[in-house]
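The values are calculated or read from the model by the stated rules, or taken from the named source; none is laboratory data. All of these numbers come straight from a predicted model, not from anything done at the bench. Please note: Cβ atoms are built from the backbone with ideal geometry, for glycine as well, and neighbour counts cover all protein chains shown.
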Amino acid sequence: MRMGLAAREALAVLTCCLTCCVACGSATGTHPPVGSPLTVDQLKFAVIDAVGPPVYCDPDFYPLARAGGEQASAIAKYPEIRADSAIYATIVGHEHLPSGDLTDAQKLVLYRAWKLLRALTLTEGQGGEYSFTYRIQSASGSASYLMVSGTVRVDGVVMVTSRTPTTAPNCPICLAAATLISTPNGDVRVTDVTPGMFVWTSNVDGTRVAVPVLKVGSTQVPATHRMVHLVLADGRELLASPGHRTADGRPLGSLAAGDALDGSTITSWELVPYAGDRTYDLLPAGPTGAYWADGILLVSTLA
């Protein structure tokens, strides 16, 4: 039977509609189309934005704190970073920095972002994907740190495949030998703290509770090791390695005079030589790993 003109036109329209539906179905299914490819550094920022920044042994603090701290390193590295036009443009765009010359404060922002990119490794795979595995600081839950694995497509779509509790990186980020630890029975030198001894910790809701110490540790440091000596407006003082973190996650080496810390304000911050040959730390039981060192709330590096 010969098909008339009207029938042939109707069949063509139907075929076109079916073809479009199949195409639309594949586009909206489990495999969406890949968009414009990004550079590797742009992909790293996509992962960091989705998963969190990597926790690593910062070269400004380990194994030795550098004179002048991060700010001095940021100023010294600025010409090198700016000379790499691709990575410079990527960081400036991500951090919303101006396109012209940067102030010293803006150079520090640039430098910190540059270090994060260097700390994250992407491994190229097949099918337009890169894989990653790195350590982050947990925002919730019982684990202080998580090892996160996943993939990122060339267009920046991130998929996390696993989150596994892990320990802190093995960096020398501990306390001076004379540091006093707050316990229900009074202050105790950190060198005299033993597993099973009760110390004060802070719960996730901020309440102070007595818990046993799970472990203690110490790290041998070279004669050239430098420590952060800071003084608060209320008179509290602390001497600890620059990488040791405050209760809100900031390395002591990243702080400066005028910054808020544990309900007070830092009036003095300096890097000083350390006379001892070892630094010390402890891990209290409880969800936060926090304790009071010379009256200032810090988090353990042994979690």
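Against the list (1) touching a helix residue (DSSP H, G or I) at 6+ places or on another chain (Cβ under 7 Å); (2) at negative phi; (3) at pLDDT below 95, the condition Y62 fails is (1). Return the residue satisfying two criteria in turn: it lies in the range 174-217 and is among the β-branched types (V, I, T) and part of a helix (DSSP H, G or I), and of such residues it is farthest from S144 (Cα to Cα). Filtering the range 174-217 for residues that are among the β-branched types (V, I, T) and part of a helix (DSSP H, G or I), the one farthest from S144 (Cα to Cα) comes out as T191. Filter the range 89-103 down to the residues that are buried (at least 20 other Cβ atoms within 10 Å of the Cβ) and of a type in the set (S, T, Y) and list them by number. The answer is T90, and nothing else. Restricting the range 104-161 to residues that are over 19 Å from the mean Cα position of the chain (by Cα), of a type in the set (D, E, K, R) and within 15 Å of A50 (Cα to Cα) leaves a set whose member that is surrounded by the most Cβ atoms within 10 Å (Cβ to Cβ) is R153.
Here is the figure for the range 146-171: residues that are of a type in the set (S, T, Y), under 21 Å from S300 (Cβ atoms) and either part of a strand (DSSP E or B) or at pLDDT 95 or above (or both) total 2.
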